[in-house]
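Report on the following structure.
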Amino acid sequence: MRKLKTIKKKQSGRDVSGRVSVRHQGGEHKRFLRAIDFRRDKKNITGKVVGIEYDPNRTSDIALIQYDDGEKRYILAPEGLKLNDIVISGAQADLKVGNAMPLSQIPIGTFVHNIEITPGRGGQMARSAGTSAAIAAHEDGYVHLRLPSKEVRKVRSSGFATIGNLGNIDWKNEVIGSAGRKRHMGIRPTVRGVAQNPRSHPHGGGEGRTGIGMPGPKTYRGRSAVGKTRRKNKYSNKCILQRRKK
């Protein structure tokens, strides 16, 4: 059996040269990194749910699956998946919560999560707590997905997805409660741009409490922070059929 837990290395927002490349990170509590099976590539072998666990590295819960050949793997736990339930991955799988199937085999209107953008690479979309995407249409080797943001995007129908809506829906209603808990989570304080000096942030400077003094807000590096910030020539633009609602 492969090792399912390893100690998570602390990078604290630093890159290989030791400089801060991602701000507001550092000082998190020591934790294990769970190996999650996003690919669901153990085809046509049934597995039994032997545990539902909390994972500190993600918002959704995870389920420990024991397969008939003795191997154990973690998967994302959808809503309604219980102990001793049976799950399977494959083209002939039943339309049941926790089963993974090719998108081409899933009927219109079904809610799915852990969706592959590139077939065989593993699920990359709809992996957060309480999220799912709905199958909107099938068309010439592609499937149209309605995402939680109301965006409609097409992906290849040969990719796999898991049936159901991810659990732990009330995660977004959780109250952190203290600054110390944020530090244990590895999140350092964020200082408002208007409270800084002009050298540190474009919003800084001015006597007293002033506005940002520019047509639109900017990041600390001077890039636009609100509006159309997506690259105009991004490779996946052709896959977006309907933009998300603002």
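The values are calculated or read from the model by the stated rules, or taken from the named source; none is laboratory data. Here the structure is a predicted model, which is why all the values come from computation and not from measurement. Note that we place each Cβ from the backbone using ideal geometry, even for glycine, and neighbour counts take in every protein chain shown.
With respect to the conditions (1) at pLDDT below 90; (2) surrounded by 10 or more Cβ atoms within 10 Å (Cβ to Cβ); (3) in a loop (DSSP other than H, G, I, E, B); (4) out of contact with any Asp or Glu (no Cβ under 6 Å at 6 or more places or on another chain), R244 falls short on a single one, namely (4). Close Cβ contacts (under 9 Å, 6 or more residues apart or on different chains) running from residues in the range 186-202 that are without any contact (Cβ under 8 Å) to a residue 40 or more places away in the chain and of a type in the set (A, V, I, L, M, F, W, C) to residues that are part of a loop (DSSP other than H, G, I, E, B) and loosely packed, with under 11 Cβ neighbours inside 10 Å comprise V194/R209; V194/G211. Out of curiosity, is A63 within 23 Å of G120 (Cβ to Cβ) and either surrounded by fewer than 15 Cβ atoms within 10 Å (Cβ to Cβ) or in contact with a His (Cβ under 9 Å, 6 or more places away or on another chain) (or both)? No: the conditions fail for A63. Taking residues in the range 106-131 that are touching a residue at least 12 places away in the same chain (Cβ under 8 Å), and partners anywhere that are among the aromatic types (F, W, Y), the pairs with Cβ atoms closer than 7 Å and at least 6 places apart or on different chains are N114/F38; E116/F160; G122/F38; G123/F38; A129/W171; G130/W171.
Restricting attention to the range 36-58, the residues that are over 21 Å from N84 (Cβ atoms) and without any contact (Cβ under 8 Å) to a residue 24 or more places away in the chain total 0.
One residue alone among F32, F38 is aromatic (F, W, Y) and loosely packed, with under 15 Cβ neighbours inside 10 Å, and that residue is F32. Take S12 and decide whether it is at pLDDT 95 or above, assigned to a loop (DSSP other than H, G, I, E, B), polar (S, T, N, Q) and within 30 Å of T190 (Cβ to Cβ). Taking the combined requirement at face value, the residue does not satisfy it. In the range 146-156, the condition of being surrounded by fewer than 18 Cβ atoms within 10 Å (Cβ to Cβ) and in contact with a Leu (Cβ under 8 Å, 6 or more places away or on another chain) is met by at least one residue. Across the range 219-245, what is the total count of residues that are in contact (Cβ under 8 Å) with a residue 24 or more places away in the chain and under 30 Å from V191 (Cβ atoms)? Counting residues in the range 219-245 that are in contact (Cβ under 8 Å) with a residue 24 or more places away in the chain and under 30 Å from V191 (Cβ atoms) gives 2.
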